[in-house]
Ligand code: ADP
Ligand code: MG
């Protein structure tokens, strides 16, 4: 009979053909065949993250492959076996000041943008709570609002606020780490590959203030979430400040495991809504001061009316008008502004960043195969009832409608009925994977149809 080592080498040869290269290199390359007794085949893996990933993602493929090589139906077990130095020799992580010449991918975090400060952030009705929370966090990190979770649509100033906190606490001499969830994930994968997960975690655990941008990127990334939970627990227990941003409130990010989600929502959750008229005008005014230009107020008003949802777009529009005036050496007036923006301004209603309630209702109804009108009636069969509650949930967490507003949209229902519906779905998706999946699909459809 072949040894476990030989069987596993044959299995790796086959797996290499069935798994893409990055996955093979990250998760399988440094594994070994440990033992084969009875119907148990033991695979040696370098660390617990690899074990979990293989168990969750590749278990049946590995089982099939090994069973076909041995001609026997086997169970697969994973055992942590740190690689022997010099055997496979993956690049090793050297602690600070190490003299090794071995290369490793550096674990770096992005630099703070010095332009994104509290001074350059215009506070207004739309961002009042998030702004106050961020300011408080930077004055007394780890003491009151921990974690702080700021969410809102794109271009509403979340990243700006995150950097503003970072810049403010850095000036206090605190160890500050700002990273996007995407970079966090990438660096985690590199750390696994390099067997340097411990150092990876250590780096984040050493932060006095940890700022993580766009947490929704961790959706579905089970191991990375698990790793972040450990880091969170350590920092939190030590009163170190953690701040997250996301595009939805924690309870609506359905593909983040409950363990992490409950931590995200355990402190202050603050919503930034699209900027109100006054804030938009103030932002434009501050920008024109910065550009050293005097722009007629009717032009500022025109821009603020045309670009209502996204500060990035608002700034882009002002920049475009300003450069158009410069290039054509013309006076910056209404006519020039309209010309400069002719291809992007709308003649009718301004562009909407959240799906219209009607779109949500129609999408959900078509998903459930019912008539949209039924959602506004008192019809109470199981299907219609659940579809109606899903609409309530989406209107609340996608569109941030008030309970009263949702009640009106859905045929004048009482706000307690709406609250019950939203809570029911929020609770149900935690235990019902099928509903969770349904909502994710509807959210995708809405995202595709929105713009
Ligand atoms: P988000 O991370 O929410 O997508 P950003 O923080 O990247 O948005 O903001 C987009 C742009 O708009 C940035 O240049 C930012 O400085 C600017 N911005 C957003 N909100 C404000 C605000 N309230 N005051 C000043 N600038 C803002
Ligand atoms: Mg951002």
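Laboratory data are not the source of any read-out in this text; all were calculated from the coordinates shown. Because the structure is a prediction, the values reported are computed rather than measured. Neighbour counts are summed over all protein chains in view; Cβ atoms, including those assigned to glycine, are modelled from backbone coordinates with ideal geometry.
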**Message:** Using only Cα atoms and rounding to the nearest 10 degrees, what angle (0 to 90) does helix 382-397 make with the longest principal axis of the chain?
**Reply:** 70
**Prompt:** If R0 is 35 Å, what FRET efficiency do you get for residue 342 and residue 115 from their C-beta distance, rounded to 0.05?
**Reply:** 0.70
**Fill in**
Final fewest-first order of 420, 160 on the 10 Å Cβ neighbour count is 420, 160
**Asked** Under 17 Å from a point 7 Å along the Cα-to-Cβ line of residue 285: which residues of region 119-136 have their amide N that close?
**Response** 119-127
**Request:** Under 19 Å from a label point 7 Å along Cα→Cβ of residue 297: give me every residue in region 310-333 with its amide N that close.
**Result:** 332-333
**In degrees, nearest ten, helix 357-368 long axis to first principal axis of the chain (Cα)** = 30
**Request:** Rounded to the nearest 10 degrees, what's the angle between the helix 4-18 long axis and the longest principal axis of the chain, both from Cα atoms, 0 to 90?
**Result:** 30
**Relative contact order [Cα under 8 Å, 6+ residues apart], the chain, whole percent** = 12
**Request:** Report, for the chain, the % of DSSP beta bridges that are antiparallel, rounded to 5.
**Result:** 15
**Theoretical FRET efficiency, 1/(1+(r/R0)^6), r = Cβ-Cβ of residue 37 and residue 198, R0 30 Å, to 0.05** = 0.45
**Complete:** Length-normalised contact order of region 134-182, Cα under 8 Å, at least 6 apart, in percent, tallies to 35
**Message:** If neighbour count is taken as other Cβ atoms inside 10 Å, put 430, 72, 221 in order from fewest to most.
**Reply:** 72, 430, 221
**Message:** With the cut-off at 1.5 for a/c, could you classify region 1-70 from its C-alpha gyration tensor as rounded, prolate or oblate?
**Reply:** prolate
**Request:** Fewest Cβ neighbours within 10 Å first, please rank 228, 12 accordingly.
**Result:** 12, 228
**Message:** Compute the distance from the alpha-carbon center of region 267-332 to that of region 361-412, in whole Å.
**Reply:** 36
